[in-house]
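Heads up: the structure comes next, in structure tokens.
The numbers here are math on the coordinates, done by the rules we state, and not lab data. Just so it is clear, the model here is predicted, and its values are computed rather than measured. Note: ideal-geometry Cβ built from the backbone for every residue, glycine included; neighbour counts use all protein chains shown.
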Amino acid sequence: MKNFISNIGYFFKEARRICRTNKLSNVFTFLGTTLVLLLLALAVAGWSVSSRLVFMLEREAEVSAFFHNSISQSEAQALAGQIATFDGVLDASVIDEAEAFNRMEDILADEAGVLELFDENPFEAYIEIRIKPQKVSQIVEKLNNLPQIESVRDNKDILDQLSSLTNALSAIGYLVVIAVGITTIIIISHMIRQGIYNNREQINTLRLLGAPGSFIGLPFVLVGMLITISAGMLALGIALLLILYSYGRIGSTLSFIPLPVKSELMLIVTTVLVSVSVLLGILGSVFGLSSITKKSSPSS
Amino acid sequence: MIELKEVSLEYQNGTLALKDINLHIGQGELVYIAGPSGSGKTSLLKLLMGMENPTAGTVTVLGKSLTNAKPRKISRIRRKIGPVFQDLKLIPGRSALENVLMGVRFLNFSWAKKNENALIAIERVGLAHKAYSMVENLSLGELQRVALARAIAREPKIIIADEPTANLDHDNAVNIFNILSSLKNQNITVIVATHATHLFDPKENFTLIRMDQGSISIEKRFCSNGERDIDTQMHQRSIRVERRGDV
Ligand SMILES: Nc1ncnc2c1ncn2[C@@H]1O[C@H](COP(=O)(O)OP(=O)(O)O)[C@@H](O)[C@H]1O
Ligand SMILES: [Mg+2]
């Protein structure tokens, strides 16, 4: 440890030297990594915008359960209470005839006059059940099994589409993260390998002098980390500028899209990018280094 | 402290470089290895540094067996050796001093001691004025002295030097030999492969290993009253002449 600290200066100097000896290739590595990480940043931003959208839509996911006329008001309340305990049900409440009528008035707004054509309230009381959209099939089946329930109206098709959209989005999200991870690790470990190859004579000499693998490898790990982290910072800078710019435009022209809070989105993107680039920098370097350790047979 | 038992070394291409060698070297001993080119001097030194594995027999250095040792163990032993390679193995693009420092950076010395040792060693080989010159700008003789300085700065238990005066003029070669034999007085084992048998320090006791086609013969030489000669009585009593294997 004492040795490590007294060598920190040397490790950084070595890292700089290694970067310089293969400048062009390292510049390309840096730019490539920046682009890949920018892709990640955009994916994270897109994912958080769309998951916000899905969240808003999911909150609207509901089914209506119509019960027999013979059931009293309080029985209906009890039934709603029972339904509320079903798995996947967020809440369930009784909407009586009057409220159903009022709601339709609200929906029709200016055209509400049409309702006056009816002599009496044409709406029935029902139980409004807000649910998790993934659970719609099970819930509808359970409701149909309840003897008090006469019919169930669901918007299953829409809900199904919504949940497959959610699944597709998270699948794409994972795919992007994995692709970015693998690509970065390949780019960085290849760069490290190249550095090791370019410095093979020095490495061989150090090994013959008895230098431990950690001493030999640390400058290379440092190079990998510095390049990945600085690429991450550049990608982050670009991504944040893009977010600011897009919020400026979308916010005014497409104001109906429920965007996440800007500062929250920027925080998410920053957190992901910083941690991912540190992690990938370390992983890439370590993978690249494995070519040193593999070759440490006595005859070298 | 160095022990070779029935050691043979055959290279991949079938060259039998060392044949059934038995050898014991004690701590603080000064050992010269002489012999024509291709007789196996470098191969013997490589075995001692774990750069080659013997095809038969066992090699023990500083009490540790090198036979089939793990890389970590070999590294630990190498850290206690100050090597001067036949091809020097200096690191290009760096100054003489930086090269010496490269040999000590990972040793368990304080930061100050590393720098101090490097500077003292550079001075000891007479290169203080070239300490900051890039190795590319040094003569072959100067490079050899940088390599020796790197070995000395490590405060090793053993110095292993492979033809360290091959490119030096007489004065510089004598100088190097004086430095090497003086290390013996610091209880460092010094093993030198060389052609320059005429430069052996007459004031020192030493062991001479003669090599020929992979076999060795060992002579112990002692000096008395500053005059060196082979004491025939001593010679007969203490010399084990080994000449095994086909020649
Ligand atoms: N890496 C190697 N592969 C095959 N043969 C080798 C190798 N190194 C040395 N030799 C052979 O081994 C013999 C001894 O070589 P070496 O130990 O270098 O002798 P010296 O140092 O006394 O000149 C020579 O015949 C040489 O050609
Ligand atoms: Mg040789």
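Rank-order B:77-89, A:152-164 by packing density, defined as the average count of other C-beta atoms within 10 Å over each peptide's residues, highest first. Present the calculation step by step, with values, prior to reporting the outcome.
Values: B:77-89: 20.5, A:152-164: 15.8.
Ranking, from highest mean packing down: B:77-89, A:152-164.
Run the numbers for A:Glu97 and A:Ser170: contour at 0.36 nm per residue of separation, minus the present Cα-Cα distance, in nm.
Working: separation 73, 0.36 × 73 = 26.28 nm, distance 4.05 nm.
In short, 22.2 nm is gained.
Between segment B:1-75 and segment A:1-36, the C-alpha centres lie 38 angstrom from each other. In segment A:62-131, Cα pairs under 8 Å separated by at least six residues give a relative contact order of 52 percent.
Using the Cβ-Cβ distance between A:Ile238 and A:Glu60 with R0 = 41 Å, the FRET efficiency computed as 1/(1 + (r/R0)^6) comes to roughly 0.70. Annotation for segment A:169-207 versus segment A:57-129: alpha-carbon center distance of 59 Å.
Among B:177-185, B:44-52, how do they line up from the highest to the lowest mean number of other beta-carbon atoms within 10 Å? Numbers along the way, then the final one.
Values: B:177-185: 18.6, B:44-52: 23.4.
Top to bottom by mean Cβ count within 10 Å: B:44-52, B:177-185.
Computed about its Cα centre, the charge dipole of the protein assembly as shown is approximately 5000 debye, with only Lys, Arg, Asp and Glu carrying charge at their Cβ. Note on B:Glu136/A:Phe12: beta-carbon distance plugged into 1/(1 + (r/R0)^6) with R0 of 25 Å gives a FRET efficiency of 0.55.
In order along segment B:126-139, the Karplus-derived 3J(HN,Hα) couplings, from 6.51 cos²θ - 1.76 cosθ + 1.60 at θ = phi - 60°, round to x, 10, 3, 6, 10, 3, 9, 7, 5, 4, 4, 9, 9, 6 Hz, and Gly and Pro are given as x. The packing ranking, built from the mean of other Cβ atoms within 10 Å per residue, places the peptides B:120-128, A:237-245, A:168-176 in the order B:120-128, A:237-245, A:168-176, highest first. Between A:Arg20 and B:Asp171, the modelled labels are 3.6 nm apart [label points 7 Å from Cα along Cα→Cβ]. So, with +1 on the Cβ of K and R and -1 on the Cβ of D and E, and no other charges, what is the size of the charge dipole of chain A about its Cα centre, to the nearest 20 debye? That gives a dipole near 4260 debye. Of all beta bridges that DSSP places with both ends in the protein assembly as shown, some 70 percent have antiparallel geometry. Per-residue shielding of A:206-219, expressed as the average number of other chain Cβ atoms within 10 Å of the residue Cβ, stands at 6. Under a model in which nothing but the beta-carbon of Lys, Arg (+1) and Asp, Glu (-1) is charged, segment A:101-171 shows a dipole of about 740 debye around its Cα centre.
Considering only alpha-carbon pairs that sit under 8 angstrom and 6 or more positions apart, the relative contact order computed for segment A:87-128 is 62 percent. Of the residues A:Phe66, A:Asn144, A:Met266, the one whose Cα sits farthest towards the positive end of the charge dipole of chain A is A:Met266 (charges of +1 on Lys and Arg Cβ, -1 on Asp and Glu Cβ, taken about the Cα centre).
Mean residue ellipticity at 222 nm, helices only, chain A: -25000 deg cm²/dmol; runs of at least 4 DSSP H residues each add -39,500 (n - 2.57), and the sum is divided by the number of residues.
Calculate, for A:Leu90 and A:Ile186, the FRET efficiency according to 1/(1 + (r/R0)^6) with r their C-beta to C-beta distance and R0 30 Å; round to the nearest 0.05. Don't skip to the end; give the middle numbers.
Details: r = 44 Å, r/R0 = 1.47.
E(calc), rounded to 0.05, equals 0.10.
For segment A:105-157, applying the loop criterion from DSSP together with a ceiling of 11 other beta carbons within 10 Å to the chymotrypsin sites (Phe, Trp or Tyr not before Pro) yields A:Phe118. Between the amide H of B:Asn205 and those of B:Cys223, distances stay under 5 Å, these residues lying 5 or more places away or on another chain, with hydrogens modeled in the peptide plane. Loop-located GluC sites (Glu not before Pro) across segment A:110-146 with a Cβ neighbour count of 11 or fewer within 10 Å are A:Glu120, with loop assigned by DSSP.
Think of it as helices only: each DSSP H run of n ≥ 4 in chain B is worth -39500 (n - 2.57), and spread over all residues that comes to -8500 deg cm²/dmol at 222 nm. The residue list B:Ser215, A:Gln77, B:Leu48 was ranked by how far each Cα lies along the charge dipole of the protein assembly as shown toward its positive end, using unit charges on Cβ atoms, and B:Ser215 comes out on top.
Taking amide H as placed 1.01 Å from N in the peptide plane, B:Gly57 has its amide H under 5 Å from the amide H of B:Ser8, each at least 5 places away in sequence or on another chain. Between helix A:156-198 and chain A there is an angle of about 0 degrees, using the helix long axis and the longest principal axis of the Cα atoms.
For peptide B:75-82, what's the mean number of Cβ atoms from other chains within 10 Å of each residue's Cβ? Write down the numbers at each step before the final one.
Details: counts 12, 2, 1, 6, 4, 1, 3, 1.
The shielding value for this peptide is 4.
Comparing A:Met191, A:Tyr245, B:Asn22 along the charge dipole axis of the protein assembly as shown, the residue lying farthest to the positive side is B:Asn22, per the Cβ-charge model.
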